[in-house]
1. Test of understanding: ordering Val67, Val53, Val130 by Cβ neighbours within 10 Å, fewest first, what list do you get?
2. Which value, in nm² and rounded to one decimal, describes the direction-averaged projected area of the C-alpha convex hull of segment 40-197?
3. Between Asp185 and Gln55, 0.36 nm times their residue separation minus their Cα-Cα distance comes to what?
Amino acid sequence: MMRRKLRSAIGLAGLALGLGLTIGAVSHAGTEPPPLPLDDFETLDPTNEDIDVEQAGEDYDRLAALVVASTDASSFGGGSSLTGPCGGVAYSYAENGDRIDAAIDLGDGSPPIDLMGGGQAFTSGNPFKVDTQGIVAYYGFMPEMGDGPKDHSWSIETAGVSFDSGGDPNELGNNRNAGIVNLKDDLPFKFSAKVEISGNLTSDLEECKGEGYVEFEGDGLLGPAGIAGLLLLGGGLGGLLFNARPAMTFKG
């Protein structure tokens, strides 16, 4: 259980602190950036249950370089944020295997970036989309180089409800995590809802704090209060989006 919480925490910090977080692309040229070749970065393959964390980190670095060259995230507005020494990338896949969303955070304090649309990710107007019967694959770091968060604690909340928290001494100083989550295994039924989430991770390092929106796509509507209760029963959004089965932590 302690290792599972550690995996959840590092993945959470790396992706949105709430992944585990957009309208109008802004590029250096003032125009819409060209589509990124996401198929060239297949380390986070949704069918791969043994992700190479080191290779995922190398792919992240190459992808981040392309994003920096095409998108000025520092000019984005409010609606989502991730601050502190953490970042990462997440891909969301439908039940049929089609990629439905992808987002990256560069770990520089700017908001996360929509890899499929080019604008700001995890906002109310452009939430990170997940299929309630699909898969999320992710890679996250805190920090990108050096020891990870030791003696840390973290929490996530939505609709004013704190629904997942944990911590770990992390004596080895692991600083990165990668894995996949099959939502079909975690959610009891299909539903549709857009959820605002926020979270923080405190440790011996600078605090990581994040906020943003995730949209669950399925049959039937569920309001914020209902989904907060569902997530409490299901183990929390951290468990759903950032607690890989299996996952691997790695010190780089």
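No value in this document is a laboratory result; all are computed from the given coordinates. As the structure is a prediction and not an experimental result, all values here were calculated from the model. Here the Cβ positions follow ideal geometry from the backbone for every residue, glycine too, while neighbour counts run over all protein chains shown.
1. Values: Val67 18, Val53 21, Val130 26.
Sorted ascending by nearby Cβ count, the order is Val67, Val53, Val130.
2. Working: hull surface 39.8 nm².
The directionally averaged projection comes out at 9.9 nm².
3. Numbers: separation 130, 0.36 × 130 = 46.80 nm, distance 2.64 nm.
Between Asp185 and Gln55, full extension yields an extra 44.2 nm.
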